[in-house]
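Reviewing the structure listed below.
The values are calculated or read from the model by the stated rules, or taken from the named source; none is laboratory data. All values derive from a computational prediction rather than experimental measurement. We place every Cβ from the backbone using ideal geometry, glycine too, and count neighbours over all the protein chains shown. Just the protein is used for accessible areas: all its heavy atoms, side chains included, with ligands, DNA and RNA removed. Shrake-Rupley method; radii C 1.70, N 1.55, O 1.52, S 1.80 Å.
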Amino acid sequence: MNDPDFKRRQKTYKRKMIFQNWQLYLFALPLVAYIIVFAYFPMYGIQIAFKDFNPVDGILGSPWVGFKHFERFFNSYYFWDLIKNTVGISLYSLLAGFPIPIILALSLNEAKDGIFKRTVQTVTYAPHFISVVVMSGIIITFLTPSTGIINFFIQALGFEPISFLTEPGWFKSVFVWSGIWQTTGWGTIIYLAALAGVDPEQHEAATIDGATRWQRIWHINLPAIIPTIIILLILNVGSFLSVGFEKILLLQNALNMGSSDVISTFVYRIGLVEGQYSFGAAVDIFNAVINASLLITVNYIARKKSEASLW
């Protein structure tokens, strides 16, 4: 294929296709511009992590210091506490929250269309549309020791009220399970869409062969959504250390800081509140590199072990 005429015809054909489909490219232009302005252009500022950034001198005028801020973070006394809290919450969320949408989707797929199925879908989907701020307010109200509905039931059972948001040991469970409540229903939509593509004739043939409902779920439905499960697992692992910043910040207080302070809240506090821009940028770059490494590693393993992967 080194023929110059062939390459010229190929380039001409590509230009022709672009001109013929100019509406599609015009339609995609706002998204491309958005990505360039808000994703790629800000990468220019990454260099402040390797400088002693001073807003007066600007990025170009600030002196280079190499890996000084990274070394400061790695040698700090709070490094391992931040890693422990971030990994602990992320791992807890992944292990507890990832399987539940799958189970719910498989269950709803088996339910007959009717008022029960529609009610369950509405009740489980609805929390997704509640904003993080409102959800955090609901959590704080429900868990208040004196007037919260959760402690009302605890006291009704004869136990002492629990201050969930001031005891560090409870924070991870409160954060994870409230997140599961809010996102599980919406997460099932992807799996239900994958299950909709299962050929009904497979179930009919399995039923004729005497397969039970559980056997059909295990051998037909579950394999059908395995590629979707793998893709979503890769995406979840790729944001493993990017714990929900807004919700943690809203639920965080001085008493639960020992278990609620994660890398994202630390970057906000150090970088924006205290004005240590270079140090905050260095910590955030460390977080991004670890996430990218996990994403590439898990995607590589998935590609080797199965046909499903991001690339």
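Screening the chain for whole DSSP H helices with an alpha carbon extent of at least 27 angstrom along the helix axis and a mean Kyte-Doolittle hydropathy of at least 0.0 yields 168-195, 277-305. An oblate overall shape is assigned to the stretch 237-294, the ratio a/c of its alpha-carbon gyration tensor axes (a ≥ b ≥ c) being 1.5 or greater and a/b not exceeding b/c.
The mean sequence separation of alpha-carbon pairs under 8 Å and at least six residues apart, normalised by the residue count of the chain, gives a relative contact order of 23 percent. Taking every protein chain into account, the 1.4 Å probe leaves Asp81 with about 80 Å² of accessible area, to the nearest ten.
Rolling a 1.4 Å probe over the protein heavy atoms leaves Glu71 with an accessible area of roughly 110 Å². Residues of the stretch 89-121 with an amide N closer than 11 Å to a point placed 7 Å from the Cα of Ala224 along the Cα-to-Cβ direction: 106, 109-110. Ordering Val174, Ile220, Gln155 by Cα displacement along the dipole of the stretch 143-297 toward the positive end leaves Gln155 in first place; charges were set at the Cβ atoms of Lys, Arg (+1) and Asp, Glu (-1). Note on Phe27/Leu310: beta-carbon distance plugged into 1/(1 + (r/R0)^6) with R0 of 22 Å gives a FRET efficiency of 0.35. Excluding ligands, DNA and RNA, the accessible surface per residue across the chain is 63 Å² with a 1.4 Å probe.
Note on the stretch 45-127: semi-axes of the ellipsoid equivalent to its C-alpha gyration tensor, largest first and rounded to whole Å, are 50, 18, 9. At full extension, Asp52 and Tyr78 could sit 7.2 nm farther apart than now, given 0.36 nm per residue minus the alpha carbon distance. Computed from the alpha carbon atoms alone, the convex hull of the chain holds 258 Å³ per residue.
Over all pairs of different C-alpha atoms, the stretch 177-295 has a mean inverse distance whose reciprocal, the Kirkwood radius, equals 17.9 Å. Sorting the Cα pairs of the stretch 159-207 by distance into bins of 10 Å, from 0 upward, gives 20, 25, 20, 16, 12, 7 percent per bin.
Straightening the chain between Ile115 and Glu274 buys 51.9 nm, computed as 0.36 nm per residue apart minus the Cα-Cα spacing.
A cut-off under 15 angstrom between Cβ atoms defines the neighbours of Tyr78, and their net charge, with Lys, Arg +1 and Asp, Glu -1, is -1. Note on Met17: accessible area is roughly 70 Å² with a 1.4 Å probe, heavy atoms of protein only.
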